[in-house]
1. Of ILE51, ILE137, ILE103, which has the largest mean-square fluctuation in a 10 Å C-alpha GNM of the chain?
2. Per residue, how big is the convex hull of the range 91-191 when only Cα atoms are used? Give it in Å³.
3. May I ask you to list the residues of the range 22-58 whose amide nitrogen lies under 20 Å from a point 7 Å from Cα along the Cα→beta-carbon direction of MET119?
4. Quick check on the range 16-83: what does the Kirkwood estimate of hydrodynamic radius come out to from the alpha carbon pairs, in Å?
5. Could you give the semi-axes, largest first, of the ellipsoid that matches the range 1-44, computed as the square roots of 5 times the alpha carbon gyration tensor eigenvalues and rounded to whole Å?
6. Take THR90 and LYS131, extend 7 Å from each Cα along the Cα→Cβ direction, and tell me the distance between the two endpoints in nm.
7. Once you keep just the Cα pairs under 8 angstrom separated by 6 or more residues, what percentage relative contact order results for the chain?
8. Normalised radius of gyration for the range 149-190, please: alpha carbon Rg relative to 2.2 N^0.38 Å, two decimal places.
Amino acid sequence: MKHIAIFASGTGSNARKIVDYFRDNEHVKVNLIISNNANAPVLEMAKDNGIDTFIINRDYFYDSTQILSELNTFAIDFIALAGFLWLIPTYLVNAYNQAIVNIHPALLPKYGGKGMYGMNVHKAVYEAKEKETGITIHFVNEKYDEGAIIFQATCSISPEDTPKEIAKKVLQLEHQYFSKVIDDILMTTNK
Ligand code: GRF
């Protein structure tokens with residue numbers, strides 16, 4: 001059995017999709033949700049699904065390596081970042097080599113990097129009058145949005161789409177593909 005931890009600090013719609021996708025899976029189990037926001041709605045979803053949660057703060061995450069023991073306690077093999085905005089520290093990248101993935105709401109390498117999250121991304125795409133956008137699922141390294149790209153999917157943008165409409169199209173792609181891509185990685189690697 002492979003165990004996944006999801007790091008999420010917001011609404012958690014992607015986290016919910018992942019939990020739903022693997023609910024009856026015999027080989028993969030989501031058994032921990034980690035958040036840096038004690039009020040994040042994602043924690044309610046975890047509670048409703050009987051999944052353990054763990055709240056972290058900056059000192060704990062950056063000035064200690066204690067989270068590794070926590071992940072160990074839950075026998076975590078793989079980490080999915082779903083709306084988690086903090087940079088992953090080197091000790092964690094090294095401990096989970098090629099076993100941390102992030103989903104980014106644009107076609108990297110465009111519209112990535114520090115500050116490029118949520119509506120900031122969609123507004124930038126809109127202002128640049130892009131004709132298409134999409135999602136990128138990538139391995140995580142010590143830099144924002146720079147790890148190796150695993151998967152991308154695109155959607156077209158029509159001239160009348162507002163940033164909000166672009167966000168909606170992109171979120172739909174995220175929900176469609178993220179769990180499946182995680183499943184594929186877990187099936188094809190020994191992570
Ligand atoms: C998604 O757009 C994802 O690409 C980004 O954060 C957002 C999370 O949304 N990394 P949700 O919390 O899963 O609804």
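1. Judging by the Gaussian network model, the answer is ILE51.
2. Cα-based convex hull of the range 91-191, divided per residue, equals 85 Å³.
3. Counting only backbone N, you get 40-42.
4. Hydrodynamic radius (Kirkwood, Cα pairs) of the range 16-83 is 12.9 Å.
5. Rounded to whole Å, the semi-axes are 20, 11, 6.
6. Here the modelled spin labels are 4.4 nm apart.
7. Relative contact order of the chain: 20 percent.
8. Relative to the 2.2 N^0.38 Å estimate, the range 149-190 comes out at 1.48.
We did not get these values from a lab; they are worked out from the coordinates using the rules stated. Small disclaimer: the values here were computed from a predicted structure and weren't measured. Positions of Cβ are backbone-derived with ideal geometry, glycine not excepted, and every protein chain shown enters the neighbour counts.
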